[in-house]
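These notes are about the structure you will find just below.
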Amino acid sequence: SPFHPLLQALPKCEHHMHIEGALSPDLLFDLASRNDVSLPGNDESFASPSALHNRYKRFTSLDDFLQYYYIGMSVLINESDFEDLAWDYFQKAASGGLAHAELFFDPQAHSGRGVGVSTVVRGFDAARRRAEEELGVSSLLTPCFLRHLPAEDSLSAFRDPVLQQYFASGSLIGVGLDSSEADNPPKLWRAIFEEAGKLGLKKTAHAGEEGPPEYVSEALEELQVDRIDHGVTLARNPTIMKEVARKGVMLSLCPKSNVVLRCVQNIQQVPIRTYLDAGVNFSINSDDPAYFGGYILDNFCEVHEAFDLSLEEWTHICKTAIEGSWCGRARKDELL
Ligand code: ES4
Ligand code: ZN
């Protein structure tokens, strides 16, 4: 498309990218051998990187994907593994015009296997510094809590003194809530969000991905979140949608993710036009780029092909994403 160079050049911010979801099959196999981690022998998908890559084209649901995502993480052991993973992401996303990234990671998925938060954060921080220096890409880091585990597990993970020290130092900017959404209502994690609010942290939660639009209003009211991750089902409830528009809360939409995990049938079903018309703020994000077949520019391109947006609309989307970012005013002004 003649529009491609324009999309490439737009100053892009993403707010919804799980670093563990940037683990490519090639790096997964490299790290498995480097760390002597054995992959499941009873699943032919783990026969080779290309077999795994092919399996990723056939996810049937969020939980089907999450099973692979958590197995994949088992190869991440050392600080340098986390650095290599994040650096691979920064290089690939920067080649598509990424300027600023707000990254999620899942501390419980690592501490549960004996890998401590400091190993994870130090590795990511090394890659983030390098991305800033060598690529001019700024970034922020947010731990997410896993909603397939009991809320008490999340609360003790949140209160981990090592994690608390990273909040206090500013290495971690906020808290998020992710993993299996169906039948795990946001309000069960209220205690974490209340404590996070008292610490002055940013707050966000996955809501309205597979779950109902009511989970979006529940996250806003019960958890007092500053942002909603996904919110693709919000268009089904015009009343809640109008309230989100009125509040100016930003959704971090993930179009390719929604198609691959079958939350929608195709990109055309992502309510991009509905949200533009209703004045709902949103950014466009890659979610788990190594699993969903594309980085941020791929998501921009597919949205453009489906919706034929004007340059004015793209400029509006990018400005909304900059203003909705959690970086300081000075960085926003550089990006605008
Ligand atoms: C996720 Cl796509 C998605 N949804 C919920 N939790 C997640 N963790 C990583 N990717
Ligand atoms: Zn996500």
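The values are calculated or read from the model by the stated rules, or taken from the named source; none is laboratory data. Remember, it's a predicted structure, so these values are computed and weren't measured experimentally. Virtual Cβ from ideal backbone geometry, glycine too; neighbours counted across all protein chains shown.
Let's see how each residue does on (1) modelled with pLDDT under 95; (2) touching a Phe, Trp or Tyr at 6+ places or on another chain (Cβ under 9 Å):
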{"site": "P2", "(1), (2)": "yes, no"}
{"site": "L7", "(1), (2)": "no, yes"}
{"site": "L10", "(1), (2)": "no, yes"}
{"site": "L23", "(1), (2)": "no, yes"}
{"site": "L31", "(1), (2)": "no, no"}
{"site": "D36", "(1), (2)": "no, no"}
{"site": "N54", "(1), (2)": "no, no"}
{"site": "R58", "(1), (2)": "no, no"}
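If you go through region 182-194 and pick out every residue that is away from ligand 2 (no atom under 16 Å from the Cβ), touching a Leu at 6+ places or on another chain (Cβ under 9 Å) and touching a residue at least 40 places away in the same chain (Cβ under 8 Å), you end up with 2. Once region 264-294 is narrowed to residues that are within 11 Å of ligand 2 (Cβ to nearest atom) and not in a helix (DSSP H, G or I), the residue that is farthest from L234 (Cα to Cα) is D288.
Can you name the residue in region 246-263 that is in a loop (DSSP other than H, G, I, E, B) and at negative phi and, of all such residues, is nearest to ligand 2 (Cβ to nearest atom)?
Selected residue: C254.
Among the residues of region 205-245, none is identified as among the hydroxyl-bearing types (S, T, Y) and assigned to a loop (DSSP other than H, G, I, E, B).
Cβ-Cβ under 6 Å, sequence separation 6+ or interchain: first residue in region 165-181 and closer than 22 Å to S138 by Cβ, partner aromatic (F, W, Y) and more than 14 Å from ligand 2 (Cβ to nearest atom). Which pairs? Taking only residues 6 or more apart or on different chains, the pairs are L172/Y166; I173/W326. Looking only at residues in region 155-186 that are assigned to a loop (DSSP other than H, G, I, E, B) and of a type in the set (S, T, Y), the one that is nearest to D229 (Cα to Cα) is S179.
Only residues that are away from ligand 1 (no atom under 15 Å from the Cβ), in contact (Cβ under 8 Å) with a residue 12 or more places away in the chain and surrounded by fewer than 24 Cβ atoms within 10 Å (Cβ to Cβ) were counted in region 243-271, giving 10. Applying the condition of being of a type in the set (G, A, S), away from ligand 2 (no atom under 15 Å from the Cβ) and not in a helix (DSSP H, G or I) to region 60-110 and asking which residue is nearest to G328 (Cα to Cα) yields A99. For L62, state whether it is under 20 Å from the mean Cα position of the chain (by Cα), within 22 Å of N78 (Cβ to Cβ), within 16 Å of ligand 1 (Cβ to nearest atom) and crowded, with 17+ Cβ neighbours inside 10 Å. Criteria not met by L62.
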